[in-house]
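Step one of this worksheet: look at the structure below.
The values are calculated or read from the model by the stated rules, or taken from the named source; none is laboratory data. Nothing here was measured: the structure is a model prediction, and the numbers come from that model. Cβ placement follows ideal geometry from the backbone for every residue including glycine, while neighbour counts extend to all protein chains displayed.
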Amino acid sequence: MYQAALFDINVNLNELPNSKQPIFSERHLKSKEQKWVGGLFGSDQFEEWNEVLYHNTVIRIDPQVASPDNSESSAYPSRERSQYDFYDVTYINPTKTSFIARISGPYSIGNRFYLITAQKLGLKVYSIDRPTVIEGDRQCENRDMLKIGPNLLMVDHDYIFNQGTGKAYEITRPGKDRIRGEFAALSPDEQTIAFTTDHQLYQCHYPSGKVHVEPIDDPQLSKMVNHKTKEWPYNYFSWITVDGKMFLHPIL
């Protein structure tokens, strides 16, 4: 059983060269049919309840999640057994030696994401869960993995994974808390992520970590909420380049 360490973007997710035989295989828990891991979000694979094998051994994760501060704490540890039933399995590098698995947590934990990567010294498991101090973060919430470009995956508004290169990036936070808002736009060069938060566009050029904030006035906010379309925010903002970085600025 593997104990997950906290993920670090400096981990080399392409440490192993492409091998002739797949490193991972997948087996559906109900049918026990075995097949190679593949696809995205259920495409060309079983959609949920999969176990993944590494060199013919089922990958089991010790979640190491602390008991929540509520009345059900006494029953919590019995529900947090070793995890091996993955909902989603998604490759994050071209050599298919690293993937992200989504696990549904018990009680108030919600979804969690783990990164599993084959390294020269063996298999490594990481929890994709940056520390946070946000009030109410232990309450149930659906953390998400969103595909926002042909090669980009965004996990929990905290990380960007480039499936074409196998590289990972941190999305700069406004403070110690997670970004609470909605994904709004990806720049044409796919280097800047924009979120709609409280009366502002919070933008991060993730390769450099540089941040730019643009206010959203009440008329814009009202139209965005009541008539949200794919064209928003382009009815009000356009991309400009500053020092080689693209950010949304108001249309004058």
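Residues that are surrounded by 13 or more Cβ atoms within 10 Å (Cβ to Cβ) and more than 26 Å from residue 15 (Cα to Cα) were ranked within the stretch 142-156; the one that is modelled with the highest pLDDT is 144. Quick one: in the stretch 120-141, of everything that is in a loop (DSSP other than H, G, I, E, B) and of a type in the set (S, T, N, Q), which residue is modelled with the lowest pLDDT? Filtering first and then ranking leaves 139.
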